[in-house]
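Reviewing the structure listed below.
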Amino acid sequence: MTINKTQSQKLKQYIDNDKTTKKSNLAKLIAITSGKGGVGKTNFILNLAIAMSIRGKKVLLIDADMNLSNIDVLLGIYPQYSLSNLMDDLITVDQLLVEGPRGISIMPASSGDIMVMKNIKEYQQALINAYTELRKDYDYILIDTGAGISDLSVDFVLSADKVLVITTPEPTAITDAYAMIKVLFYRAKSPDIGLIINLAQTDEEGKTIFNKINLIVQHFLNKSVVHAGTIPHDSSIPESVKEQVPFIIKRPRSVASASVHNIAISILKEDKE
Ligand SMILES: Nc1ncnc2c1ncn2[C@@H]1O[C@H](COP(=O)(O)OP(=O)(O)O)[C@@H](O)[C@H]1O
Ligand SMILES: [Mg+2]
C-alpha cells in the first residue's frame, strides 16, 4: 500500500474549515468501518441511527458503501435516486434524501454506483460536499462505509469526527480490524476510535476480545482504542433482515436492541460532556 497522508489531510482540512466558518450546532460525523466484510456494520449503524433518533436527535444515515450498499434493502425501500445522479447534477441533495423509520433521513447509494463513476476520489468528494451542505440540519451524520484498508477508503473514513471499527471474535476479523486500526493511526494524528465487538457469545467474551485487541494496539502502536460496546449473537437480527424491518423496531426488547441502545446512550453522553 502506498502511504500518502495528503489526501486524508485535505479531506480533514475541508471539513475543519467548514467547522470554523459555521460555528454552532453542526452535526457530528461518525463513520462505521471494519477490516473484514460481513461483520455487521450496516445492521449496527442503521439501528444506532434509529436509537439516536428515538432519543430526540436529528440523524442522517449515509450509505457510503460503494460496492455493496444495502441500507435500502434492510428497509425494503426503493430510493429513486442515488449519489451518482447527484454527481451528474440531475438532482439536488434534498431530492436524494429518503425518509426512514422513526424520522431518520437516509442518503442512499446504489450497488454498482462505483461502476458508473469516473473515479472513487470524485465520488467521495461528491459525498463530502453533499453531507457538508447538510451538516447544519442534523445532530448526527452516521456513515456506513465499505470494509477494507485501501488508501482511499481509509482517508474517507478519517473525514469523520469519530470512527467506530467493528469486528467479531473470529481471528480473521480480529486480524483485519487490527490492520484497519493500525492504518487509521498511521494516517491521522489522533483519531477518535471506538471498537465494537459484534457476534460475541457473551458480554464477557466481548470484553476479552476487546482487551486482546487493545493490548496489541498498545504494544505495537503505543496507542489505545476505546471499547464502544459489545453486541451479542442474536437471532432476532437475521430474522429482522428477512422481514426488512430494523431489529430495534421489530424486536425492541432483544439483547441486540439493548446493546445498541446502550451504545447510543454512551455516545450521546460522551458528546454532552
Ligand atoms: N449480532 C448479530 N447476531 C446475529 N446475526 C448478525 C449479527 N450482526 C449481524 N448479523 C448478520 O450478519 C450478516 C452481515 O451483517 P451486515 O450488517 O450486512 O454486515 P456488513 O455491513 O459488515 O457487511 C447479516 O446477514 C446479519 O443478519
Ligand atoms: Mg454493509
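The values are calculated or read from the model by the stated rules, or taken from the named source; none is laboratory data. All figures in this text were calculated on a predicted structure; none of them were measured in a lab. Virtual Cβ from ideal backbone geometry, glycine too; neighbours counted across all protein chains shown. Each accessible area value is taken on the protein alone, full model and side chains, heavy atoms only, with ligands, DNA and RNA left out. Shrake-Rupley method; radii C 1.70, N 1.55, O 1.52, S 1.80 Å.
Any residue in segment 142-156 that is over 27 Å from Ile267 (Cα atoms) and not charged (D, E, K, R)?
yes
What number of residues within segment 212-232 are part of a helix (DSSP H, G or I) and closer than 21 Å to Glu270 by Cα?
Just the residues of segment 212-232 that are part of a helix (DSSP H, G or I), to begin with: 212-221.
Subset that is closer than 21 Å to Glu270 by Cα: 214.
Within segment 212-232, residues that are part of a helix (DSSP H, G or I) and closer than 21 Å to Glu270 by Cα number 1.
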Could you check, for segment 51-62, whether at least one of its residues is within 16 Å of ligand 1 (Cβ to nearest atom) and part of a helix (DSSP H, G or I)? yes
Only residues in segment 216-227 that are touching a residue at least 12 places away in the same chain (Cβ under 8 Å) and closer than 16 Å to Ile197 by Cβ count as the first member; pair them with residues that are among the charged types (D, E, K, R) and surrounded by 15 or more Cβ atoms within 10 Å (Cβ to Cβ), Cβ under 6 angstrom, at least 6 apart or cross-chain, and list the lot. Val217/Lys223
When the residues of segment 88-120 are narrowed to those that are open to solvent by 40 Å² or more (accessible area, probe 1.4 Å), part of a helix (DSSP H, G or I) and touching a Ser or Thr at 6+ places or on another chain (Cβ under 8 Å), which ends up modelled with the lowest pLDDT? Val116
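Residue by residue, here is whether (1) at pLDDT 95 or above; (2) within 9 Å of ligand 1 (Cβ to nearest atom) holds:
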site	(1), (2)
Lys41	yes, yes
Ala49	yes, no
Leu68	no, yes
Asp72	no, no
Leu75	yes, no
Given Asp155, Asp144, which one is open to solvent by less than 10 Å² (accessible area, probe 1.4 Å) and either in contact with a strand residue (DSSP E or B) (Cβ under 6 Å, 6 or more places away or on another chain) or within 16 Å of ligand 2 (Cβ to nearest atom) (or both)? Asp144
Which residues, taken from segment 121-143, are under 26 Å from Ala177 (Cβ atoms), modelled with pLDDT of 95 or more and touching a Leu at 6+ places or on another chain (Cβ under 7 Å)? Ile141, Leu142, Ile143
Subset of segment 233-273, residues free of Cβ contacts under 8 Å to residues at least 40 places away in the same chain, part of a helix (DSSP H, G or I) and more than 15 Å from ligand 1 (Cβ to nearest atom), comes to Ser266, Lys269, Glu270, Lys272
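Restricted to segment 121-143, and to residues that are in a strand (DSSP E or B) and in contact with a Phe, Trp or Tyr (Cβ under 9 Å, 6 or more places away or on another chain), which residue is nearest to ligand 1 (Cβ to nearest atom)?
Within segment 121-143, the match that is nearest to ligand 1 (Cβ to nearest atom) is Ile143.
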Say we look at segment 37-58 and pick out the residues that are out of contact with any strand residue (DSSP E or B) (no Cβ under 7 Å at 6 or more places or on another chain) and among the small types (Gly, Ala, Ser); which of these is farthest from ligand 2 (Cβ to nearest atom)? Gly56
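Given the criteria at pLDDT below 95 and in contact with a strand residue (DSSP E or B) (Cβ under 8 Å, 6 or more places away or on another chain), does Asp271 qualify? Full working, then the answer.
Numbers: at pLDDT below 95: yes; in contact with a strand residue (DSSP E or B) (Cβ under 8 Å, 6 or more places away or on another chain): yes.
Here the answer is yes, as Asp271 does meet what is asked.
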